Amino acid sequence: MIKKIFGIAPTKEKNGSGYIPSPLGRKFGVDKVSGYKATNFGGKKYTGEKKVLVLCTEERYFKMTNGKQFSTGNNVQETMVPLMHLVNAGFDFEVVTPTGKPAILEEWSVPIKDEPVIKFRRENQSKFSKPLSLKKLIDSKELNEASHYIALFLPGGHGSMLGLPEDENVGTLLQWIKESDRFLVAVCHGPAAMIARDKNSKQNPYSGYKMVAFPDKFDKQSPSLGYLPGQLPWFQCEALEKEGITVINDKITGATHIDRKLISGDSPKACDELGKITVDALFKELNVN
């Protein structure tokens, strides 16, 4: 009762069996307006056929250690804002989920007063509703040197910790991105997918890399604000460190980081800058003048 009075009790979702963040948790963790600031990139625009592949989760419910289900998915702001910059720069994107089931987005994470983000999501919803199947993509052997994908984007949201980290096909995709010298872009909890391993891999392809991500210490504090309905069963930064990947931040400042072709952002606050530096990196790679 006291938690309810102070707005820190997780909220039972209206249609479903899980919980969404408490009013206080949403106040601190969900922006009503994103940090998106449109730019024309100095008048430069890509006109080729290279695309960005967006790996999303197809699972919604994340079971906490107390048995309660967190209703999650991919964070809307963290998914859309970087893509808005990429599309504005001339790049197209395709969405993929492990089996081709619809991508799950956190409806409660929509920045409700940000019309550009809402409009972009609405215009591109079909890509998330009818994504590609990663299994079919791997089986078809379309991932080769001639592939039109120039980058893989791992959007945030706790849903990235569901299904993707233990999927061997995700590991194969990551291995291909690294070995074929393409870009990997990840934000907030998106890096959780990076612990996936190809069945023949003896070492994570990004072992030895540095990046920024959502710090574990804030996930551990989240239940006290009611953002999560319980404690997570595992933590992404700890898992990344075990894979030889160094997370260099322990605060949430909107930081971004580039280590070779791994581009990362720490939170929703980083998404505007993440989109811009990704476009700059792709422009440089493709000699867009």
Tell me, please, whether a residue that is part of a helix (DSSP H, G or I) and buried (at least 19 other Cβ atoms within 10 Å of the Cβ) can be found in the stretch 237-258. yes
Looking only at residues in the stretch 189-206 that are under 19 Å from Thr256 (Cα atoms) and out of contact with any Ser or Thr (no Cβ under 6 Å at 6 or more places or on another chain), which one is surrounded by the most Cβ atoms within 10 Å (Cβ to Cβ)? Pro191
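One line per residue, one yes/no per condition, for (1) in a loop (DSSP other than H, G, I, E, B); (2) under 24 Å from Ala281 (Cβ atoms):
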residue	(1), (2)
Phe128	no, no
Leu152	no, yes
Leu184	no, yes
Ser207	yes, yes
Given the condition surrounded by 14 or more Cβ atoms within 10 Å (Cβ to Cβ), charged (D, E, K, R) and touching a strand residue (DSSP E or B) at 6+ places or on another chain (Cβ under 6 Å), answer yes or no: does some residue in the stretch 113-126 qualify? no
Considering only the stretch 20-39, I want to know if a residue exists there that is under 19 Å from Ser160 (Cα atoms) and small (Gly, Ala, Ser). yes
Within the stretch 163-185, residues surrounded by 23 or more Cβ atoms within 10 Å (Cβ to Cβ) and within 20 Å of Pro102 (Cα to Cα) come out as Leu164, Val170, Leu173
Whichever residue in the stretch 271-289 is of a type in the set (S, T, N, Q) and either without any contact (Cβ under 8 Å) to a residue 12 or more places away in the chain or under 15 Å from Phe153 (Cβ atoms) (or both) and, among such residues, is surrounded by the fewest Cβ atoms within 10 Å (Cβ to Cβ): Asn287
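Yes or no, residue by residue, for (1) modelled with pLDDT of 95 or more; (2) crowded, with 22+ Cβ neighbours inside 10 Å:
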{"site": "Gly16", "(1), (2)": "no, no"}
{"site": "Glu49", "(1), (2)": "yes, no"}
{"site": "Leu53", "(1), (2)": "yes, yes"}
{"site": "Gln69", "(1), (2)": "yes, no"}
{"site": "Asn88", "(1), (2)": "yes, no"}
{"site": "Pro102", "(1), (2)": "yes, no"}
Please tell me if Ser133 is farther than 24 Å from Thr11 by Cα, in contact with a Lys or Arg (Cβ under 9 Å, 6 or more places away or on another chain) and modelled with pLDDT under 95. no
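The values are calculated or read from the model by the stated rules, or taken from the named source; none is laboratory data. Everything numeric here is computed off the predicted structure, so don't read it as measured data. As a convention, Cβ positions derive from the backbone with ideal geometry for all residues, glycine included, and neighbour counts pool all protein chains shown.
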